[in-house]
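Right, one structure below, let's go through it.
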Amino acid sequence: MASQVHSERRREDERLITGAGHYVDDIRLPAGRPAPLHLAVVRSLYAHAAINGINLEAARALPGVVAAFTGEELASGLPTIAAVPAPGLKAPERRPLAVERARYVGDPLAVVLAESRAIAADALDLVEVDYTPLPAVADPEAALAPDAPLLYEQFGSNVAIRTQASGGDVEAAFAQAEHTVTLRLVNQRLAPASLEPRACLFDFDPATGQLAAWLSSQAVYRARETLATFLGIDRSRVHVQNAEVGGGFGSKTNFPGEEIIAAALAVRLGRPVKWIESRSENLQTQMQGRGQINQVEAAFQSDGRLLGLRVKTVADLGGFLFGISAMIASGGTTSLLSGAYTLGAFEHQVVGVFTNKVPTAPYRGAGRPEAAYIIERVMDRVAQEVRLDPAEVRRRNFIAPDAFPYRAVTGLNYDSGNYPGLLEEALKLCDYQGWRAKQRERRAKGEAPLLGIGLATFVETTGGSFPGPVQEAATVRVRPDGTVLVQSGVSTTGQGHMSTFARIAADVFGLPAERVEVRLNDSALPAFSFGTFGSRVAQVGGSAVLLAAQAAREKTMQVAAHTLEAAPADLELADGQVQVRGVPSRVVALGDLARLVEEQPTLIERESPNPANGAPIEGLAAWRDFASTGPAISAGAHIAIVEVDAETGEVRVLQYVAVDDCGRVLHHTLAEGQIHGGLAQGIGQALYEEARYDDNGQPLSGTLLDYALPTAQQLPGFTTGLLETPSPLNPLGAKGVGEAGTIGAPPAIVNAVLDALAPLGVTSVDMPLRAERVWAAIQEAGHHAAQPE
């Protein structure tokens, strides 16, 4: 497919900015259906406690309360929530609600159903829980101690999994190295903090056995399978639709429990059930991201060439295992440890640890930001040790543009890239040499504030899945009115998929994008999707749309050839019509061809039923699926310019430049929007955000007063650039870019701050770089400098 630049306005936005969009809480059920019951959740006040009993009688007696249940009362009818299996994984049994023991503050213990949300909230205050508090452990390193409180006595320790991976000769790399450095790096826990918290509405019709669901989800087809499995309902009787989705960032890919309970009670009671998570619940109990501590050793030469890495990682898994949470560090982080560089050898040991905190799960980047943080902090330390410019050290270690396809020492295959080109473009856009000159001038004069320049050149896997490849499927149809309908299984959460898919189909049919309708977010569509995560939709879901559109176009031309009595090779398609080349009078409109096929279905070969719902593909349409043979490797070079006030520790970002390679760019406006959104979250991690707990597992960041999200005023203007190295792994040549900002920004910002503080002797500060933390690092460095040798 030829590269074309498109930047039309997003078609998704009009209904939202005019108030016509409907989130889950806005959904109104059809006439004749009863009003939904409102679900509220009783949550543990303790990080670790035995549940001796739960008294729901007072809550049940409150007028307007319809029912109330403990986790134990609901446990027998529902299967356990499973983690993805892995060798050596110790996976405890977990029910949708906790039974017998609570293992983190906010652990769901019981539920109340009432006629209104206010009554349900009042009923929670009447629930009496008999706790026996138990010792808790919140620090993952402390959880490894032999005498640490155990979350699961049957395992004999808090270790959920140990893994080790290596490549190349690590011992030889360190033996021949002229220099080594060690770093302790922390990727703190983060709350996804979507604008819209979790939300669901379920309506079960006992007469038909049909379950209708409206969700705020990243994966409606997966939600359908989960509901069918847990409720024992055939998936053909489960219809899942997404309402508008106010953000997900990985946290809305699976159901951790509450949604399953709401659906089960809708079936049990024969009444619709709605659950809208509160903001405090969201910050305290929704799955969190990151939570890694890395001990890093790097071996390198005096010319800045990196030889080897040894990394030991402690991954904080929280109170139970959920999906792939135990595999993020051992999979996503390990595979990308070499970054954009020709690393010769590595070793990565991972210990996944249970703690009395909310579980961790994939959050925008899912292992990739952690890997980039490790290698990019290492590259700056190498530059500092050998007294080379950080840009020059990266140049000396890059994988060469002519080396692709390239197999890294970690075993990951890199499909395409141009890492020197990315860096040079970023250096040019930010006037790197000019900033370095200003920095030298300020330092010579002793001027404040301190100026710092930070680089990060990173790679990321996109378009694959974790732990293996999965397909997307779409149907493209020519309609009797001459328009084209795209039906995709994608669950869009604001990225602009409708605009992208419309453009792909429009290019195939030679139509204006306005004449293409796109339908998503509905498990009843003749399509399929594994989910919207991992920067995969444009290249995998978009390729399915492309293939379906091309197949529908081919059928269109076959019918036109029959109608116009001409060979398909003599026909051309433009402006919604098929014409015999060079004969303007012999023409037929797309709509006429669609009607003709409806009247005479035998004019085209009938496609077999699609696997999504078993229904045949009728009319002038085609169903196609696509699964990539492996992940495409996106990349970026980001540069941050910061000022640091040495008197207060305050950090101010003056400029941020991001040059990204996401393969063939399908829609420049959408690509830049994704980069901007990711940068806001990445800068948020670097400077502001942290899900904090005290030693007893009590959350200290359970409100937006305590969990600091960056505002527009705290973010700089972004300068962005796009470099294209098309991927050979999909017909669009596309790669993902949705998570680039969360990967590149943390090391770029931290490297910039440490560059500013280098004259003061500060070599390490853990994220987030809050003013008091930076100030303390400056004071500590000054104290050490003042000590006599």
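All of the numbers you see were taken from the coordinates with simple rules; none came from a lab. Being a predicted model, the structure only gives us computed values, none of them experimental. Because the Cβ atoms are built from the backbone with ideal geometry, glycine has one as well, and the counts that use them run over all protein chains shown.
Of note:
- Per residue Cα convex hull volume in Å³ - calculated over region 497-556: 85
- For ALA83, net neighbour charge (Lys/Arg +1, Asp/Glu -1) across residues whose Cβ lies under 14 Å away: +2
- Sum of -39500 (n - 2.57) over DSSP H runs of 4+, divided by residues of the chain (222 nm, nearest 500): -8500 deg cm²/dmol
- Kirkwood Rh in Å, taken over all unlike Cα pairs in region 266-325: 16.4
- Straightening the chain between HIS668 and GLU115 buys 194.3 nm, computed as 0.36 nm per residue apart minus the Cα-Cα spacing.
- Hydrodynamic estimate: the Kirkwood radius of region 657-789 over Cα pairs, inserted into Stokes-Einstein at 10 °C and 1.306 mPa s, corresponds to D of 92 µm²/s.
- Summed residue charge, Cβ within 15 Å of ASN696's Cβ, Lys/Arg positive, Asp/Glu negative: -1
- Three-way shape label, region 590-664, alpha-carbon gyration tensor, a/c 1.5: prolate
- Translational D in µm²/s for region 527-661 (Stokes-Einstein at 4 °C, 1.567 mPa s, Kirkwood Rh from C-alpha pairs): 67
- Protection proxy ranking, peptides 145-151, 109-115, average beta carbon neighbours within 10 Å, highest first: 109-115, 145-151
- Average 1/r across all pairs of distinct alpha carbons in region 58-143, invert it, and you get the Kirkwood radius: 15.3 Å.
- For region 442-599, radius of gyration divided by Kirkwood radius, i.e. Rg to Rh on alpha-carbons: 1.25
- At the listed q of 0.18, 0.25 Å⁻¹, the Debye profile of region 131-182, built from one uniform point per Cα, gives log10 I(q)/I(0) equal to -0.73, -0.97.
- Note on the chain: percent of Cα-Cα distances in each 20 Å bin, starting at 0 and stopping at the bin with the largest distance, equals 16, 45, 31, 7, 0.
- Among the chymotrypsin sites (Phe, Trp or Tyr not before Pro) within region 101-205, not one is in coil by DSSP while having at most 11 neighbouring Cβ atoms inside 10 Å.
- Pairs of lysines in the chain (C-alpha under 22 Å apart; 8 or more residues apart or interchain): 6
- The distance linking region 738-768 with region 290-325 is 17 Å (Cα centroid to Cα centroid, whole angstrom).
- The alpha carbons of region 390-512 stretch over 74, 36, 26 Å along the principal axes, in descending order.
- Loop-located GluC sites (Glu not before Pro) in region 475-580 (DSSP state other than H, G, I, E, B) with a sparse environment of at most 15 neighbouring Cβ atoms within 10 Å: GLU565.
- With semi-axes defined as the square roots of five times the eigenvalues of the C-alpha gyration tensor, the equivalent ellipsoid of region 238-376 measures 40, 15, 12 Å, largest first.
- A convex hull fitted to the Cα coordinates of region 21-101 yields 203 cubic angstrom per residue.
- Inter-centroid distance (Cα atoms) of region 415-430 relative to region 674-706, Å: 30
- Here the Kirkwood formula, the inverse mean of 1/r across different C-alpha pairs, assigns region 477-516 a hydrodynamic radius of 10.6 Å.
- Note on region 415-455: Cα-Cα pairs beyond 16 Å make up 47% of the total pair count.
- Semi-axis lengths, largest first, of the ellipsoid equivalent to region 385-438 are 27, 14, 7 Å, with √(5λ) applied to each eigenvalue of the Cα gyration tensor.
- Potential lengthening between ARG9 and ARG28 on full extension [0.36 nm per residue; Cα-Cα distance subtracted]: 3.9 nm
- When the alpha-carbon atoms of region 321-473 are used, the pair Rg, Dmax equals 18.6, 62 angstrom.
- Relative intensity, log₁₀ I(q)/I(0), of region 1-136 from a Debye sum that treats every alpha carbon as a point, q = 0.10, 0.13, 0.22 Å⁻¹: -0.54, -0.75, -1.28
- Under the combined filter of DSSP loop state and at most 11 neighbouring Cβ atoms within 10 Å, region 1-98 retains these trypsin sites (Lys or Arg not before Pro): ARG9, ARG28.
- Relative to its residue count, region 199-254 spans a Cα convex hull of 68 Å³ per residue.
- Over region 343-449, relative contact order from alpha-carbon pairs under 8 Å, at least 6 apart, %: 19
- Test item: Cα-centred dipole of the chain, Lys/Arg +1 and Asp/Glu -1 on Cβ, debye: 680
- Total formal charge among the other residues, if their Cβ is under 14 angstrom from that of GLN439, Lys/Arg +1 and Asp/Glu -1: 0
- Computing Rg and the Kirkwood Rh from the Cα coordinates of region 323-411 gives a ratio, Rg/Rh, of 1.04.
- Highest to lowest packing among 435-444, 350-359, scored as the average C-beta count within 10 Å: 350-359, 435-444
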